[in-house]
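Novice: Shown below is the structure under consideration.
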Amino acid sequence: FVCSGRRSGVFHPFLLKKNITEITVEELQEMGVVGLLLDVDNTLTAHDSQELSPAVADWLETVMRAGMRPLIVSNGKKKRVQPFAKRLGLPFTASAAKPLPFGFWRAARSLGLKRRRCVVIGDQIFTDVLGGKCAGIRVIQLLPLAPETDKPFIHFKRKWERRIMRHWKETEGML
């Protein structure tokens, strides 16, 4: 596989939003997408949480009523992702090995959709954005819901993400 990125390269999302509830059904319809490949931690809920905020629950209900088909794609293990997905009644792909494209391809296939009919929605540049782009799927990046400070590697990645996003803000006026 070859990672290719339009706009400013493989780290640049199609859209950048503050949180998932800012994504409108109209935007998704304009993109021509039906499949929503959703990250869990810091996208739908706080890191390691099993709770969904009422605003995110309302957003999920709205997109599903509009014919969108959400599916969770997470690097988390099945024991983390399955209870969360089951509570929401959503299919899932756990241990997705993001940024490798295979988990995204598997998710699109399980929905019976071509990649162009899907969008990846997540908070991390080095997993969600890079992985979605490597899979040939557009990406909507969100700001993380809460900082993760307990894992040194995540802290290191977040530092580099902030630098990249600061560059976007300065050069392109994003966010």
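The values are calculated or read from the model by the stated rules, or taken from the named source; none is laboratory data. Keep in mind that what you see is a predicted model, and the values were worked out from it rather than measured. Cβ: placed from backbone, ideal geometry, glycine included. Neighbour counts: every protein chain shown. These accessible areas exclude ligands, DNA and RNA; they are computed on the full protein's heavy atoms, side chains included. Shrake-Rupley method; radii C 1.70, N 1.55, O 1.52, S 1.80 Å.
Novice: Failed condition for VAL63, given (1) in contact with a helix residue (DSSP H, G or I) (Cβ under 7 Å, 6 or more places away or on another chain); (2) more than 19 Å from ILE137 (Cβ to Cβ), with all others met?
Specialist: So the condition that VAL63 fails would be (2).
Novice: Same structure again: Exactly one condition in (1) open to solvent by 50 Å² or more (accessible area, probe 1.4 Å); (2) part of a strand (DSSP E or B) is not met by ASP58; state its number.
Specialist: The failed condition is (2).
Novice: What is the one condition in (1) in contact with a Lys or Arg (Cβ under 6 Å, 6 or more places away or on another chain); (2) at pLDDT 95 or above that THR127 does not satisfy?
Specialist: Result: THR127 fails condition (2) only.
Novice: From (1) crowded, with 19+ Cβ neighbours inside 10 Å; (2) among the small types (Gly, Ala, Ser); (3) under 24 Å from GLU27 (Cα atoms), pick out the condition that doesn't hold for GLY112.
Specialist: (1)
Novice: Separate question: Those residues that are closer than 21 Å to ARG138 by Cβ and open to solvent by less than 10 Å² (accessible area, probe 1.4 Å), I need them from segment 71-92; list them, please. Spell out how you get there, then give the answer.
Specialist: Let us first name the residues in segment 71-92 that are closer than 21 Å to ARG138 by Cβ, namely 71-75, 90-92.
Listed by number, the residues that qualify are LEU71, ILE72, VAL73, SER74.
Novice: Could you look through segment 130-156, keep only residues that are at pLDDT below 70 and farther than 16 Å from SER74 by Cβ, and pick out the one that is most open to solvent (accessible area, probe 1.4 Å)? Spell out how you get there, then give the answer.
Specialist: We begin by selecting, within segment 130-156, every residue at pLDDT below 70; these are 146-156.
Pick out the ones that are also farther than 16 Å from SER74 by Cβ and you get 146-147, 149-150, 152-153, 155-156.
Numbers: ALA146: 37, PRO147: 116, THR149: 113, ASP150: 104, PRO152: 106, PHE153: 135, HIS155: 101, PHE156: 111 Å².
Step by step, filter segment 130-156, then rank; the result is PHE153.
Novice: Run LEU52 past the list (1) in a loop (DSSP other than H, G, I, E, B); (2) over 18 Å from LYS114 (Cα atoms); (3) open to solvent by less than 30 Å² (accessible area, probe 1.4 Å) and report the number of the one that doesn't hold.
Specialist: (3)
Novice: Sticking with this structure for a sec: Mind checking which residues of segment 22-49 are surrounded by 19 or more Cβ atoms within 10 Å (Cβ to Cβ) and either assigned to a helix (DSSP H, G or I) or without any contact (Cβ under 8 Å) to a residue 24 or more places away in the chain (or both)?
Specialist: Within segment 22-49, just LEU28 meets the criteria.
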